[in-house]
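Novice: The structure under discussion is supplied below as structure tokens; questions concerning it will follow.
The values are calculated or read from the model by the stated rules, or taken from the named source; none is laboratory data. Small disclaimer: the values here were computed from a predicted structure and weren't measured. Counting neighbours? That spans all protein chains shown, and the Cβs are built from the backbone with ideal geometry, glycine included.
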Amino acid sequence: MKALRLILILFVFALNSSVLFSQLVNIESRRMQSDTVRFAGNANLTLNYQQTNDITLIVFKSSLNAQFKSKNLKHTYLALGNYAFTESNVKTIANAAFGHLRYNYKFNKWFRWEGYSQVQLNELLSLKYRFLAGTGARFKLNRGETIKTYIGISAFYEHERVEDILQTQSRDVRMSNYFTVSIKFPKKRGEFASTTYYQPLFRYWADYRLTTQSIIQLNITEYLSFITSVNYFFDFNPPVGVKPSAFSINNGLKVKF
């Protein structure tokens, strides 16, 4: 299929990375922002092996994104998945995964309704598992192709278990509000995109999660791009032993086939 794109990450290095995956996943960065293309997808797979001074390090990362639209372009189906594992001959350093399914119905050019579900784990953040399911509205704020802005308002049920001293389990309902903007640079030189999520508890609004991600893509050639992303995450009520905030900057090269 012409719309199918296989993304191979050739080189990725982190200037400062606090978490492997944030507790709050940025779904907006995975969407295909087009009203005419019916199918698009990408896949990433990296495996690194290193041995130095009797220390062995294995790093494995994979992801799969796929989006499909019906013939009338009113029904959109989105499937996302990530898995990352880092292990040394001493211990497991990181083990994180998530899966996400989303359905979107387009009423008109401005208004859409969505339903979604997600499963997630992250040993680094003491998250044994998290399951959530929700529904809500999505609004497109402008017509232009160069600049696109969206806001979303939804509610979701969440069940999670945390591997802390108390072996905490919780079942809550949260709001999920987001604002996203993307700007295409002139002459296909690149793109800037930024998304901010705000997720308070319905029963206690002071308990909230906040995350923001900004990405700049600079096109070196038609097939090669340089990418920088800046990420910030805050959790008002994190697991015991986990700091409430995290910040990371990531850089890499992307080759498109």
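Novice: Exactly one of these conditions fails for Leu78: (1) of a type outside the set (Phe, Trp, Tyr); (2) in contact with a helix residue (DSSP H, G or I) (Cβ under 8 Å, 6 or more places away or on another chain); (3) modelled with pLDDT under 75. Give me its number.
Specialist: Against the list (1) of a type outside the set (Phe, Trp, Tyr); (2) in contact with a helix residue (DSSP H, G or I) (Cβ under 8 Å, 6 or more places away or on another chain); (3) modelled with pLDDT under 75, Leu78 comes up short only on (3).
Novice: Across the range 177-210, what is the number of residues that are among the small types (Gly, Ala, Ser), without any contact (Cβ under 8 Å) to a residue 24 or more places away in the chain and not in a strand (DSSP E or B)? Break it down into steps so the answer makes sense when it comes.
Specialist: Keep residues of the range 177-210 that are among the small types (Gly, Ala, Ser), which gives 182, 190, 193-194, 206.
From what's left, without any contact (Cβ under 8 Å) to a residue 24 or more places away in the chain: 194.
Checking the rest, the ones that are also not in a strand (DSSP E or B) come to none.
Number of matching residues: 0.
Novice: Scan the range 65-82 for residues that are in contact with a Gly (Cβ under 9 Å, 6 or more places away or on another chain) and crowded, with 17+ Cβ neighbours inside 10 Å and jot them down.
Specialist: Residues of the range 65-82 in contact with a Gly (Cβ under 9 Å, 6 or more places away or on another chain): 65-68, 79-82.
Correct list: Asn65, Ala66, Gln67, Leu80, Asn82.
Novice: Another one. The conditions are (1) crowded, with 17+ Cβ neighbours inside 10 Å; (2) among the polar types (S, T, N, Q); (3) over 22 Å from Asp172 (Cα atoms), and Gln118 fails exactly one of them. Which is it?
Specialist: Among (1) crowded, with 17+ Cβ neighbours inside 10 Å; (2) among the polar types (S, T, N, Q); (3) over 22 Å from Asp172 (Cα atoms), Gln118 violates only (3).
Novice: For the range 98-114, does any single residue satisfy the condition of being of a type in the set (D, E, K, R), in contact (Cβ under 8 Å) with a residue 24 or more places away in the chain and loosely packed, with under 14 Cβ neighbours inside 10 Å?
Specialist: The first filter runs over the range 98-114 and keeps only residues of a type in the set (D, E, K, R), leaving 102, 106, 109, 112, 114.
Filter again for in contact (Cβ under 8 Å) with a residue 24 or more places away in the chain, leaving 102, 106, 109, 112, 114.
Next, only the ones that are loosely packed, with under 14 Cβ neighbours inside 10 Å stay: 109.
Yes: the range 98-114 contains one or more residues that are of a type in the set (D, E, K, R), in contact (Cβ under 8 Å) with a residue 24 or more places away in the chain and loosely packed, with under 14 Cβ neighbours inside 10 Å.
Novice: Follow-up. Under 9 Å between Cβ atoms, which residue pairs at least 6 apart in sequence (or on different chains) link something in the range 71-92 that is at negative phi with a partner that is exposed (fewer than 13 other Cβ atoms within 10 Å of the Cβ) and of a type in the set (A, V, I, L, M)?
Specialist: Ser88/Ile55; Asn89/Ile55; Val90/Ile55
Novice: Please go through the range 231-257 and give me each residue that is within 21 Å of Leu127 (Cβ to Cβ) and in a strand (DSSP E or B), ordered by number.
Specialist: Correct list: Asn231, Tyr232, Phe233, Phe234, Asp235, Ser245, Ala246, Phe247, Ser248, Asn250.
Novice: Restricting to the range 212-230, and then to whatever is among the hydroxyl-bearing types (Ser, Thr, Tyr) and in a strand (DSSP E or B), can you tell me which residue is surrounded by the fewest Cβ atoms within 10 Å (Cβ to Cβ)? Even if it seems obvious, please write down each step before you answer.
Specialist: To start, the set of residues in the range 212-230 that are among the hydroxyl-bearing types (Ser, Thr, Tyr) comprises 212, 214, 221, 223, 225, 228-229.
Of the ones still in play, those that are also in a strand (DSSP E or B) are 212, 214, 225, 228-229.
Details: Thr212: 18, Ser214: 16, Ser225: 18, Thr228: 14, Ser229: 17.
Checking each candidate, the answer is Thr228.
Novice: Restricting to the range 232-248, what's the tally of residues that are of a type in the set (A, V, I, L, M, F, W, C), touching a residue at least 60 places away in the same chain (Cβ under 8 Å) and surrounded by 14 or more Cβ atoms within 10 Å (Cβ to Cβ)? Before you say what the answer is, go through the steps one by one.
Specialist: First, the residues of the range 232-248 that are of a type in the set (A, V, I, L, M, F, W, C): 233-234, 236, 240, 242, 246-247.
Filter once more, keeping what is touching a residue at least 60 places away in the same chain (Cβ under 8 Å): 233, 240, 242, 246-247.
Now narrow it down to the ones that are surrounded by 14 or more Cβ atoms within 10 Å (Cβ to Cβ): 233, 242, 246.
Residues that pass the stated criteria total 3.
Novice: Would you check if there is a residue in the range 50-64 being exposed (fewer than 15 other Cβ atoms within 10 Å of the Cβ), more than 21 Å from the chain's Cα centre (by Cα) and farther than 12 Å from Asn89 by Cα?
Specialist: no
Novice: Please go through the range 162-176 and give me each residue that is touching a Gly at 6+ places or on another chain (Cβ under 7 Å) and in a strand (DSSP E or B), ordered by number. Full working, then the answer.
Specialist: Of the range 162-176, the ones touching a Gly at 6+ places or on another chain (Cβ under 7 Å) are 164, 176.
Ser176 - this is the single residue of the range 162-176 that is touching a Gly at 6+ places or on another chain (Cβ under 7 Å) and in a strand (DSSP E or B).
Novice: May I pose another question? Scan the range 97-120 residue by residue and report those that are of a type in the set (A, V, I, L, M, F, W, C), at pLDDT 90 or above and assigned to a strand (DSSP E or B).
Specialist: Taking the range 97-120 as the starting set, the residues that turn out to be of a type in the set (A, V, I, L, M, F, W, C) are 97-98, 101, 107, 110-111, 113, 119.
Filter again for at pLDDT 90 or above, leaving 97, 101, 107, 110-111, 113, 119.
Residues satisfying the conditions are Ala97, Leu101, Phe111, Trp113, Val119.
Novice: On to the next question. Would you confirm whether any residue within the range 194-206 is touching a Phe, Trp or Tyr at 6+ places or on another chain (Cβ under 7 Å) and of a type in the set (D, E, K, R)?
Specialist: no
Novice: Could you list, ordered by first residue, the pairs with Cβ atoms under 6 Å in which the first is in the range 149-172 and more than 21 Å from Arg112 (Cβ to Cβ) and the second is modelled with pLDDT under 90 and aromatic (Phe, Trp, Tyr), at least 6 apart or interchain?
Specialist: Within 6 Å, the pairs are Arg161/Tyr129.
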